[in-house]
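Student: One structure, pasted below without further comment.
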Amino acid sequence: MIATPLIHSLKGDRPFQRMRRGRAGSAGLLSLRWRAQRDRQVRVGIVVSKKVGKAVVRNRVRRRLREALKAILSDAELSDSAKQRGEASFDLLVIARPEAALADYWQLKAALYQALKKARVLA
């Protein structure tokens, strides 16, 4: 287990376009794409479209996913491909599906953990 990585935002169009070539994983409530990088930092983009709901619902889902990701990364063991010299180093794009609007924190956390395992971010 490594120290909890500081999570930065994935900004700009180019990083999001690069994620198309990344590895994928999904669970019932969300899907994700990730790609290893050399900067030794974790950059995360959370996409919650208008199909999920109005602004209040979208922001709630986004906040819950961000907190769930922090909790998972602090507790779980990352795979070797997600680390650079022992530190977490990857870009992650989390895409919420419309069903995520009705899910509570624990359901979102379980779905995120399952998707991270499928995508081989976690060991």
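Student: Please specify each residue of the range 20-47 satisfying the condition of being within 13 Å of V121 (Cβ to Cβ) and of a type in the set (A, V, I, L, M).
Tutor: A24, A27, L32, A36, V42, V44
Student: Here is a further query. So which strands (runs of 3 or more DSSP E) stay within the range 1-78 end to end and still have 1 or more residues that are out of contact with any Lys or Arg (no Cβ under 8 Å at 6 or more places or on another chain) and within 19 Å of A110 (Cβ to Cβ)?
Tutor: Of the strands (runs of 3 or more DSSP E) lying wholly inside the range 1-78, those with at least 1 residues that are out of contact with any Lys or Arg (no Cβ under 8 Å at 6 or more places or on another chain) and within 19 Å of A110 (Cβ to Cβ) span 30-36.
Student: Then there's this: Can you confirm whether D13 is over 15 Å from L69 (Cα atoms), of a type in the set (D, E) and without any contact (Cβ under 8 Å) to a residue 12 or more places away in the chain?
Tutor: It is true that D13 is over 15 Å from L69 (Cα atoms), of a type in the set (D, E) and without any contact (Cβ under 8 Å) to a residue 12 or more places away in the chain.
Student: Here's a follow-up. I need the full set of residues from the range 98-123 which are assigned to a loop (DSSP other than H, G, I, E, B) and closer than 19 Å to L10 by Cα, in order please.
Tutor: A119, V121
Student: Do you know which residues across the range 54-77 are surrounded by fewer than 18 Cβ atoms within 10 Å (Cβ to Cβ) and of a type outside the set (A, V, I, L, M, F, W, C)?
Tutor: K54, N59, R60, R62, R63, R66, E67, K70, S74, D75, E77
Each reported figure results from applying straightforward, stated rules to the coordinates on display, with no laboratory input. Bear in mind the structure is a predicted one, so any value in this text is a computation, not a measurement. Don't worry about glycine lacking a Cβ; one is built from the backbone with ideal geometry, like all the others, and counts go over all protein chains shown.
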